[in-house]
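Report on one structure; see the data block that follows.
The values are calculated or read from the model by the stated rules, or taken from the named source; none is laboratory data. Worth saying up front: this structure is predicted, and the values here are computed from it rather than measured. Ideal geometry is used to build each Cβ from the backbone, glycine not excepted, and the neighbour counts take in all protein chains shown.
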Amino acid sequence: MDYELYLHIPFCRQKCFYCDFPSWAGQEHYMEAYTEALCREIAMQSSLFAAAGQAVTVYIGGGTPTTLPLPFLQRILRTVQRCFPLATGAEFSVEANPGTVDAAYLAGILAAGANRLSLGVQSFNDGLLQRIGRIHTAEQARQAVSMARTAGFKNVSLDLMYGLPGQTLADLAASVAEAADLQPQHISIYGLQVEEKTVFFRQQQQGRLQLPDEAAAEAMYDYMTGELPRRGFFRYEISNFARPGFASRHNLGYWQDVPYLGMGAAAHSYWDGRRQENTADIAVYIRQVMEGELPAHEEEPAARSLHMEEFCFLALRTVQGIDRQKFVEKFGCTLESVYAPILTDMRAKGLLTVDDAGVRLTKRGMKYGNVVFAAFLL
């Protein structure tokens, strides 16, 4: 069986104003102990799962993995390779903030096994970067891409965002152009979502967050979905564009119901239909693992209907959409037996394409994906 590995590094230098991920600044004193604990968890989990098959992707995310000192991150990368059987040509991604890497660091993680670098750029406008709490500048982002190429990375992804406070269509267009001109293999571009427990949420509650209006945000969406394909990046998922052959295999696995094993504080796993979550508290995580205890607890089993919902709206995020045969194999019934009225309604509204192979979002459906996803809730 093929599966994926995710390793969570919960450290960052500064919490971005939009971020609600499980990550913390000012916890550097835990880094060495956390590295030791994570490597122990990798070894513990491998004794349970390594024989199940091979890992086709590995993703080191956060937080900002590259806030770790290079020897710590290298040790984690090498422990994964020693403990788990990796498929030939496995995709091995590391997230990085442009303000946390230099040429030696990037060469070091490449030498330790990483072969894909995901850089959180967000914008090439220094004013916007400051406004959203990023620690890097546009020039540092340019330098990071150049250093990655010099180090030998052949697969580089850039993250961008739209709908940011004070952002204009011209700002977005400039960032898209600059990102494309840097010739990455992959570009992810996300619309800002204001989440609870973030700086932006507090600012919004206080009436201090000035976001682009709906028409401006829609214009940004229309621009990037038209411009990136024109520049040679095909759209394979709602927020993701890639050169041919460089779609993120790890993320596609999430959307295609591939099992994954998560390790590290706050990491999630999905295996044999069961879901588990590791404790998010860094100190508790370290203590449990060092005492020989796996830090995961079982999440409440998902009802069959909830599994169907998730299967459908995750698959619909991709251009391939829902595969009819996979749905039958997974749930023992046809798509129409559950969703016939919804398929008819969404098709009539121009949001879905329905054929013998499966069901996919139309171009209009991609734009209003949340409407379709809500319709698939049972």
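Does Phe246 satisfy the criteria of being closer than 24 Å to Ile322 by Cα, surrounded by 15 or more Cβ atoms within 10 Å (Cβ to Cβ), touching a Lys or Arg at 6+ places or on another chain (Cβ under 7 Å) and not aliphatic (A, V, I, L, M)? Taking the combined requirement at face value, the residue does not satisfy it.
Counting only residues that are aliphatic (A, V, I, L, M) and in a helix (DSSP H, G or I), which one in region 57-73 is nearest to Thr137 (Cα to Cα)? Restricting to residues being aliphatic (A, V, I, L, M) and in a helix (DSSP H, G or I), the top hit is Leu70. Screening Val94 on (1) within 15 Å of Leu7 (Cα to Cα); (2) in a helix (DSSP H, G or I) shows it passes everything except condition (2).
Here is the figure for region 295-316: residues that are over 21 Å from Glu336 (Cβ atoms) and either modelled with pLDDT of 95 or more or touching a helix residue (DSSP H, G or I) at 6+ places or on another chain (Cβ under 6 Å) (or both) total 1.
Here's the yes/no breakdown for (1) free of Cβ contacts under 8 Å to residues at least 12 places away in the same chain; (2) over 22 Å from the mean Cα position of the chain (by Cα); (3) under 20 Å from Ala265 (Cβ atoms):
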{"position": "Tyr3", "(1), (2), (3)": "no, no, no"}
{"position": "Leu7", "(1), (2), (3)": "no, no, yes"}
{"position": "Lys15", "(1), (2), (3)": "no, no, yes"}
{"position": "Tyr18", "(1), (2), (3)": "no, no, no"}
{"position": "Arg40", "(1), (2), (3)": "no, yes, yes"}
{"position": "Gln54", "(1), (2), (3)": "no, no, no"}
{"position": "Ile60", "(1), (2), (3)": "no, no, yes"}
{"position": "Leu68", "(1), (2), (3)": "no, no, yes"}
{"position": "Gly99", "(1), (2), (3)": "no, no, no"}
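When the residues of region 231-267 are filtered to those that are free of Cβ contacts under 8 Å to residues at least 60 places away in the same chain and not small (Gly, Ala, Ser), the one that is nearest to Leu294 (Cα to Cα) is Asn251.
Every condition in (1) among the aromatic types (Phe, Trp, Tyr); (2) outside any helix (DSSP H, G or I); (3) closer than 21 Å to Ala114 by Cβ is met by Phe17 except one, and the failing one is (3).
If the requirement is being surrounded by fewer than 15 Cβ atoms within 10 Å (Cβ to Cβ) and in contact with a His (Cβ under 8 Å, 6 or more places away or on another chain), which of these qualifies: Gly273, Gly264?
Being surrounded by fewer than 15 Cβ atoms within 10 Å (Cβ to Cβ) and in contact with a His (Cβ under 8 Å, 6 or more places away or on another chain) holds for just one of Gly273, Gly264, which is Gly273.
When region 320-354 is filtered for residues that are under 23 Å from Arg235 (Cβ atoms), of a type in the set (D, E, K, R) and touching a residue at least 24 places away in the same chain (Cβ under 8 Å), the ones remaining, listed by number, are Asp323, Arg324, Lys326. Restricting Ser47, Ser23 to residues that are without any contact (Cβ under 8 Å) to a residue 12 or more places away in the chain and among the hydroxyl-bearing types (Ser, Thr, Tyr) narrows the list to Ser47. If you go through region 113-136 and keep only what is assigned to a loop (DSSP other than H, G, I, E, B) and either charged (D, E, K, R) or under 22 Å from the mean Cα position of the chain (by Cα) (or both), you end up with Gly113, Ala114, Asn115, Ser123, Phe124, Ile132, Gly133, Arg134, Ile135, His136. Counting only residues that are part of a helix (DSSP H, G or I) and in contact (Cβ under 8 Å) with a residue 60 or more places away in the chain, region 74-88 holds 2 of them. Within region 270-289, track down each residue that is free of Cβ contacts under 8 Å to residues at least 40 places away in the same chain, closer than 17 Å to Phe21 by Cβ and among the hydroxyl-bearing types (Ser, Thr, Tyr). Passing the criteria: only Thr279. Considering only region 58-72, I want to know if a residue exists there that is assigned by TED's automatic domain parsing to the domain that holds Ala33, of a type in the set (Gly, Ala, Ser) and on the phi < 0 side of the Ramachandran plot. So far as region 58-72 goes, yes, one or more of its residues are assigned by TED's automatic domain parsing to the domain that holds Ala33, of a type in the set (Gly, Ala, Ser) and on the phi < 0 side of the Ramachandran plot. Based on this model, can you work out whether Leu377 counts as in contact (Cβ under 8 Å) with a residue 60 or more places away in the chain and of a type outside the set (Ser, Thr, Tyr)? Answer is yes for this residue.
Remark: pairs (first residue in region 114-132, within 12 Å of Gly99 (Cβ to Cβ); second residue of a type in the set (A, V, I, L, M) and assigned to a strand (DSSP E or B); Cβ separation under 7 Å; 6+ apart in sequence or on different chains) = Leu119/Ala96; Leu119/Val156; Leu119/Leu158; Val121/Leu158; Val121/Leu160; Gln122/Leu160; Gln122/Met161. All conditions in (1) modelled with pLDDT of 95 or more; (2) surrounded by fewer than 16 Cβ atoms within 10 Å (Cβ to Cβ); (3) acidic (Asp, Glu); (4) over 18 Å from Ser46 (Cα atoms) hold for Glu291, with the sole exception of (4). Filtering Glu196, Glu237 for residues that are under 21 Å from the mean Cα position of the chain (by Cα), over 18 Å from Gln122 (Cβ atoms), among the acidic types (Asp, Glu) and modelled with pLDDT under 95 leaves a single hit, Glu196. For the residues Gln167, Gln193, Gln185, the requirement of being in contact with a Lys or Arg (Cβ under 8 Å, 6 or more places away or on another chain) and either under 30 Å from Leu110 (Cα atoms) or in contact (Cβ under 8 Å) with a residue 24 or more places away in the chain (or both) singles out Gln185.
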